Each structure stands twice: as C-alpha cells, then as structure tokens.
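The values are calculated or read from the model by the stated rules, or taken from the named source; none is laboratory data. Small disclaimer: the values here were computed from a predicted structure and weren't measured. Every residue, glycine among them, receives a Cβ derived from its backbone with ideal geometry; neighbour counts consider all protein chains shown.
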C-alpha cells in the first residue's frame, strides 16, 4: 500500500520524520524510522534521511507493507482474560510465563497462547515474534498486560505509554523495613557494564522514575519485610527490581538483583502488576482494570500477619 502526502502550509523547514509523525497516517515514530532505513519513504521519488528538510510542494510517498503472518506456533495455553473487545485484550500473566518468543524460547510463551486465542486478529506492528505486544512484563513478574488486536489500537496505546498516560500500579514485597511511608526513586538505568544480562543504575542510563508507598511492615522470625505499592512513570527494563535493589531493599524472590536467598521456596520475585489505568484507544473510554494477587503471594502475606500476631 502506498500513501502519498503533499507538503503544504509550512512556514519553516520541517524534518521529514517529524512531519510524517504529525500527519494522520497511523504510523509510530519507530515504524517511520524503520521505513526510512528500508528506503520505503521517498521525497519527490528520491530516498531521503529522517533529517531531510521539507519544503512546500514536496511529494512524500510511503510504502507500507501488509503485516507478515507470524511464523510462530499457536498453542493452547490458558489465558486469564481480564478485559476484551474487538480492539484490545488485557490478560493477567502468571509468573514463569515469557511474554514473547526469543532465542532459546520459541514455544510456550504468552504470544503462542494469544496466537491460538485471537487467531488472525492481532496487530502486526510488533513484528513477527511480537504480534499484538504493546508492552512487556519480566518472565517472573505476574500481572496485567495489554495486547492490541489491530494496528490502530497498537499505535494509540503505544503513544499513551510514551506520553506516560498509562498508569501502572504494582505490588512488591521487599526485604527489610523501609522507614519512610512514601518516596520517589529517580535514578537512570542502563545496561550493566559488569554483566550485560543485567541492568543497573548508571549515570549514562535513561531516565527512570519509580514512586512507592508503604502498605504494611512485617517483623517475623524469618526476618523483616515491607509491602509496597509501586507506580512507575517510565518503563525501563527491570526498573522496579533495579531501583529497589539499589536502595537496599530487593524484591523477595528476585534471583538477579538480590543475594539469592529464598526462604519461602518461591520461584520468581514477589512483584505483581496489579492495576492498569488508560484511555481506550478507539472508544475514548477511561479503563481501570485490576488483577488480584496470586495465591502464592497471598500465602506469604498471610504467614507474616499470623506471625506478627503470635509475636505481639
């Protein structure tokens, strides 16, 4: 499919990528960049860079290929669906489930299950291995995840996330007693220079902002712990886990950013994406969706509450 734009009514020379992004062409910034790199956007029938300065009368042609059929296997994997309509799907992902296929993990992912459930009704913007996936959760983090069923929904949800209009609330159990009732962690996060598989707080990293509020504090025979409500403004990889570990309160069960101690015998961190608030990408309706804490998480909290009663 070819889309054509005639540049008009610009008083200053505008960048090619910025101009296209402002037009109603249903293309994300990342997609525009990708098309430019592939030579699928021309100005006056000539390939140009993203920084090309446009002039009135320039003719832009955009070649948009039809989304390729995903080559991943559809698998009958149980899905805990919290919300669904013709445009989006919101699922409650269990811990231990990888979101999308990648090297060494081509089957048994959330995407494999979504492919079987939605069949051909998924956006193609995420690519062949990530159809419908707008944002992600770590393998061992449970909770709510938005899936786009078409490109229009994908683009609009992605923009909300980029503009920090999607409100994400997590529940986390961390080691130690946090004294302040509320606080904000504002530390940049980037790839660790010591271990490329890990993220770390680094001065050359990207902005990362995490807000937390104490819900409960526990002092038991197993040690001291704090239950937190966590909200993030940014969505950096492993952000909550890295930030909480950095201030000396790693998430219980986190084998990557703590000392590996696992006194409760639980595989995976006690971190749950409990609530999502966002505007429906098509209807404009304000949605507020929640997923209850998993049973294993609740059992640990019940143990704490019983222990504290016995101690008191």
Here are 276, 287, 301: which of them is surrounded by fewer than 21 Cβ atoms within 10 Å (Cβ to Cβ) and part of a strand (DSSP E or B)? 287
Among the strands (runs of 3 or more DSSP E) lying completely within the stretch 1-81, list those that include at least 1 residues that are outside the structural domain of residue 96 (by TED's automatic domain parsing), in contact with a strand residue (DSSP E or B) (Cβ under 7 Å, 6 or more places away or on another chain) and touching a residue at least 40 places away in the same chain (Cβ under 8 Å). 2-6, 59-63
Filter pass, residue 96 being closer than 27 Å to residue 252 by Cα and either in the same structural domain as residue 170 (by TED's automatic domain parsing) or at pLDDT below 90 (or both): yes
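Every residue, every condition in (1) outside the structural domain of residue 107 (by TED's automatic domain parsing); (2) surrounded by 16 or more Cβ atoms within 10 Å (Cβ to Cβ); (3) in a loop (DSSP other than H, G, I, E, B), yes or no:
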{"position": "137", "(1), (2), (3)": "no, yes, yes"}
{"position": "144", "(1), (2), (3)": "no, yes, no"}
{"position": "157", "(1), (2), (3)": "no, yes, no"}
{"position": "169", "(1), (2), (3)": "yes, yes, no"}
{"position": "173", "(1), (2), (3)": "yes, yes, no"}
{"position": "177", "(1), (2), (3)": "yes, no, yes"}
{"position": "180", "(1), (2), (3)": "yes, no, yes"}
In the stretch 126-137, is there at least one residue being at pLDDT 90 or above and under 18 Å from the mean Cα position of the chain (by Cα)? yes
Within the stretch 214-229, is even one residue outside the structural domain of residue 138 (by TED's automatic domain parsing) and within 19 Å of the chain's Cα centre (by Cα)? yes
Being touching a helix residue (DSSP H, G or I) at 6+ places or on another chain (Cβ under 9 Å) and loosely packed, with under 15 Cβ neighbours inside 10 Å narrows it down to one residue among 77, 10, 2, 88; which is it? 10
Which of the residues that make up the stretch 254-269 are surrounded by 14 or more Cβ atoms within 10 Å (Cβ to Cβ) and closer than 14 Å to residue 223 by Cα? 262, 264
Which of the residues spanning the stretch 182-198 are more than 18 Å from the chain's Cα centre (by Cα), surrounded by 14 or more Cβ atoms within 10 Å (Cβ to Cβ) and not in a strand (DSSP E or B)? 187, 192
Quick one: how many residues across the stretch 135-152 are touching a strand residue (DSSP E or B) at 6+ places or on another chain (Cβ under 7 Å) and farther than 16 Å from residue 276 by Cα? 1
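Residue-wise test of (1) over 20 Å from residue 181 (Cβ atoms); (2) out of contact with any helix residue (DSSP H, G or I) (no Cβ under 6 Å at 6 or more places or on another chain); (3) assigned to a loop (DSSP other than H, G, I, E, B); (4) outside the structural domain of residue 173 (by TED's automatic domain parsing).
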| position | (1), (2), (3), (4) |
| --- | --- |
| 200 | yes, yes, no, no |
| 240 | no, yes, no, no |
| 248 | no, yes, yes, no |
| 263 | yes, yes, yes, no |
| 268 | yes, yes, yes, no |
